[in-house]
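Report on the following structure.
The values are calculated or read from the model by the stated rules, or taken from the named source; none is laboratory data. Predicted model, so just to flag it, every value in this text is computed and none were measured. Methodologically, a virtual Cβ is constructed for each residue, glycine included, from the backbone with ideal geometry; neighbour enumeration extends over all protein chains shown. Accessible surface areas use protein heavy atoms only, side chains included; no ligands, DNA or RNA. Shrake-Rupley method; radii C 1.70, N 1.55, O 1.52, S 1.80 Å.
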Amino acid sequence: AIRTGIQESKYQYIFYTDADAQYDARELELLLPSMTEGVDIVNGYKIRRSDPLYRVIIGKLYHHITRLMFRFPIRDIDCDFRLMRKSIFDQVELESNSGVICVEMITKIHRAGFRFAEVGVHHYFRTSGKSQFFTFRLDFRVGIDLLKLWWKLVIRREESRRGRAGELL
């Protein structure tokens, strides 16, 4: 869904967030002042994570492991509350079809030299629906996908990039 949304976007900026009401989309107003001329992506970070303790612990562990593996510059890779310039994706091509797409996206954006700003946003308890994560099968799959992404981006230093005309390099 993230890849399709980015590909189909028509405006100068792309904003996305989760659809399960764990973020208040009206807080987009908090990100806008940070989208200055020298900033390409404004990433939200959870001021306080409103999840059960086990999810908070697993989330912190996931963040620290992925940050160590991929060396991205933001404090909350799991905060899907982002405002980005569409022009980023003239150079950055996303390939993942799983939960590791955020790690891929932030890593590639950082490596391409784009500049980040961060803004704290509120995180709320999920009022309906169920997380797609935290099942052994899916977590195992995410672990495998992370290792494959790490091998590709860190060890082999492969990245798909688009040139000025949009062709893959």
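Structure values in brief
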quantity: Gyration tensor (alpha-carbon) shape descriptor, the chain, a/c threshold 1.5; calculated: oblate
quantity: Fraction of antiparallel bridges per DSSP, the chain only, in percent to nearest 5; calculated: 60
quantity: Sequence ranges 7-16, 107-116, ranked by mean other-Cβ count within 10 angstrom, highest first; calculated: 107-116, 7-16
quantity: Whole-percent carbon and sulfur share, accessible surface of the chain, 1.4 Å; calculated: 57
quantity: Extension reserve of the Thr36-Tyr13 stretch, reckoned as 0.36 nm per residue once the Cα distance is removed; calculated: 7.1 nm
quantity: Length released on extending from Glu29 to Ile155, taking residue separation times 0.36 nm less the Cα-Cα span; calculated: 41.5 nm
quantity: Accessible heavy-atom area order of Leu153, Leu32, highest first, probe of 1.4 Å; calculated: Leu32, Leu153
quantity: Rounded, prolate or oblate (a/c below 1.5 giving rounded, otherwise prolate when a/b exceeds b/c) for the range 28-109 by Cα gyration tensor; calculated: oblate
quantity: List Arg85, Arg126, Arg141, ordered by accessible area with a 1.4 Å probe, largest first; calculated: Arg141, Arg126, Arg85
quantity: Candidate lysines - alpha carbon under 30 Å from Lys60, same-chain residues fewer than 8 apart omitted; calculated: Lys46, Lys86, Lys108, Lys130, Lys148, Lys152
